[in-house]
């Protein structure tokens, strides 16, 4: 049964794990997985939004390619294009038993045809463990390789203003770890205030429960006797559910945990290479022996670099794409990340950056906004809400992406280089949000051969409509 895949997805986790340097929260099972596998220290989701990020994981395509522009559930109703080949579809074709337990959050269902679909919003890791065990038993009984996704709900916020599901019903043997607000680590992207510490203490409890869930599913895999034939992958869909993180393309939102344990490969590897969540599905297919080619997928397998501890020349750049979170949160933006620099192209920069409902309603935001001056970490509220068309950061000197260098003459050459790389990538991926003169280049592409000329600028000039002008001069 070689070629099994077990994908474990945390919900809104960020990098708050012991193996990623956070000592204030207990995550022994995830840390142990990292000890036995490869911990990617420079792994990036394409977008810090739940459904959109998961669609990238399942398709190897960015959201502007696969159509999952934002959240799938309720009135948001974003859907992956019907023609897109997804992980469950491809693994069904390979003959694997496919399944998902827990959170799904993508659609439509025919595009994601898991053979076993046990969707649930429960945080009871006892139930998750039992359903995973039943799936492993079925795969073993049928003598079939498998691809199973376990979508944990933890540590996502619950429906209260400051809770993380810690008061829900759990099996009696599910352990609980409470953390005192004074013992948490306040990340640099948040202010150190009482409301933030209180929420982080509850968040830690949810992370600790997630860790137990990971341990239980891995124990069930071991008990099944299938561990030695199974690639195990653990990751989070996006950053922590706080301002400056979730729904933004700042590193706090997109720089995430990614751990892979593969039978026969050395463990305890810390990889510095930049990998994208678009690389996850190609890696799974490579492991499973897929012979159908890369298809429309843009990512690439990380199996050849799994044991590399040095930074390789071909693994030093990743891209990301965000357009919506909720249906009312339209704010298309793209990012490019190298080991040192981060470039953001904010397409709709004239719009205020939107608050998602869960973050706006949080007690932490209430605490932040009622203090003067209003600061979100090191970033002033005005700079959080009103952003320029381009942002450029030197992360070696400015890891929190606060000091925008896009207008600094000393960085002009770097800006042009990264802007060019970004636009080349947008053209390669047929991005509808590559704009010139305030219009989508793709939307008017059929006119270009008929003599239409687009000025070399992002936005339409309001003072005059003809000619050309440098980018960003509106």
Among region 113-147, those whose backbone N falls under 18 Å of a label point 7 Å along Cα→Cβ from residue 169 are 120-131
With the label point 7 Å along the Cα-to-beta-carbon line of residue 24 and a cut-off under 13 Å to each amide N, the hits in region 160-179 are 179
For region 4-321, the Cα convex hull volume per residue in Å³ comes to 123
Assertion target for 19, 36, ordered by fewest C-beta neighbours within 10 angstrom first, is 36, 19
Packing-ranked peptide list from 175-186, 440-451, 23-34, highest mean Cβ count within 10 angstrom first, is 23-34, 175-186, 440-451
Subtracting the Cα-Cα distance of residue 397 and residue 352 from 0.36 nm times their residue separation yields 13.5 nm
Going from the fewest other Cβ atoms within 10 Å to the most, one would list 317, 207, 269, 259 as 317, 269, 259, 207
In nm², the average projected area of the convex hull spanned by the Cα atoms of region 42-120 is 5.6
Here the relative contact order (percent) of the chain, from C-alpha pairs under 8 Å and at least 6 apart, is 20
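If you take every DSSP beta bridge whose two residues both sit in the chain, what share of them, in percent to the nearest 5, is antiparallel?
50
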Stretched fully, the stretch from residue 36 through residue 340 gains (0.36 nm per residue minus C-alpha distance, one decimal, in nm) 106.6 nm
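At a Förster distance of 25 Å, what's the computed FRET efficiency of residue 307 paired with residue 160, Cβ-Cβ distance as r, to 0.05?
0.05
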Zone reached by a paramagnetic label modelled 7 Å from residue 360 Cα along Cα→Cβ, restricted to region 244-259 with backbone N below 17 Å, covers 244-248
Protection proxy (average C-beta count within 10 Å per residue), highest first, orders 275-281, 365-371, 346-352 as 275-281, 346-352, 365-371
Proxy exposure order for 144, 261 (fewest C-beta within 10 Å first) is 144, 261
Placing each pseudo-label 7 Å from Cα in the direction of the beta carbon, residue 185 and residue 229 end up separated by a distance in nanometres of 4.0
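The numbers here are math on the coordinates, done by the rules we state, and not lab data. What you see is a predicted model; the values in this text were computed from it and never measured. Counting neighbours? That spans all protein chains shown, and the Cβs are built from the backbone with ideal geometry, glycine included.
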